[in-house]
Amino acid sequence: MIDDEGKQLGIMPPYEALKIARERGLDLVEVSATANPPVCRIINYGKFLYQQSKRQHEARKHQHSIELKEVKFRPRTGEHDIEVKRNHIVRFLQDGSKVKATVEFRGREMAHRELGMRLINRLIEELNEVAVVETRPRQEGRFLTAILAPKKAGKPSGAAPKAAIPPPTPSAANVPRTPSTSAPARVTASSEAEGR
C-alpha cells in the first residue's frame, strides 16, 4: 500500500486501505496486479487517467508510423503513365513510406501474366537506387503485387537529400513518333484563285 505522498504504508487488508483513501477524499487504485501481494495506491483517479493519457499522447507524437501506399498498374499501362507512377513511388519512398506496386489483370489479360511480371521487374530495376524489395512479386488471384521499402541512408532521414532518379532510356518500341514536316501542302480552290 502506497499513500498519496508516495510513502509505504505496508501490507493491509483491502477494507482498511479503502477506509484510509475515503478519509483523504481520494481513490484506491491497484497499480500492479501481478505483484505478490498486489500493490495499491491512494490517488486522485481522474488526475491519474489524465496524466496517463497525456504521456501516451506525447509518446505518439514522437513516433513515426510507416505508411503503406499502393500504386496500381495494368498490363497495358502506357509508357508515360508508368513514368508518372514511378515518380510517385519515388516520392513516397523518399517520404519514408513503403509502397505496394500492384498490377491488376482483367478478363483475358490473365492469359498474359508475363506482361505484368515484366512491368514489375522493370520497376524494381529502375527503383534500385532508392528502394529495396521487401516482398518479391507474387500473384494473388488477379493481382500481381510487390512491396518496396525505402533504402536506409547513412544520414538521418530528415537530412537525407532527395535523390533524383534519371528517366529510363527509351527503347525503339516506345519512342514517340513525330509527324513528318515534309508533308505536301494542301491546295484548295480558293488558294488557286488568290494566286491568279
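Throughout, read-outs are computed from the coordinates displayed, never taken from laboratory work. Being a predicted model, the structure only gives us computed values, none of them experimental. Positions of Cβ are backbone-derived with ideal geometry, glycine not excepted, and every protein chain shown enters the neighbour counts.
Points to keep in mind about this one:
- Computed over the Cα atoms of the range 40-93, the ratio of the radius of gyration to the Kirkwood radius (Rg/Rh) comes to 1.47.
- GluC sites (Glu not before Pro) restricted to DSSP loop in the range 60-119 with at most 11 other C-beta within 10 Å: E67
- When each of H88, H62 is scored by the number of other beta-carbon atoms lying within 10 Å, the sequence from fewest to most is H62, H88.
- Taking the alpha carbon gyration tensor of the range 68-152, multiplying each eigenvalue by 5 and rooting it gives semi-axes of 21, 13, 10 Å, largest first.
- Relative contact order [Cα under 8 Å, 6+ residues apart], the range 68-152, whole percent: 34
- Candidates per trypsin sites (Lys or Arg not before Pro) in the range 92-122, loop by DSSP, up to 12 other Cβ within 10 Å: R106
- Relative contact order of the range 1-122, pairs being alpha-carbon contacts under 8 Å that are 6 or more residues apart, as %: 18
- Counted charge near E104, where neighbours are those whose Cβ lies closer than 10 Å (Asp, Glu -1; Lys, Arg +1): +3
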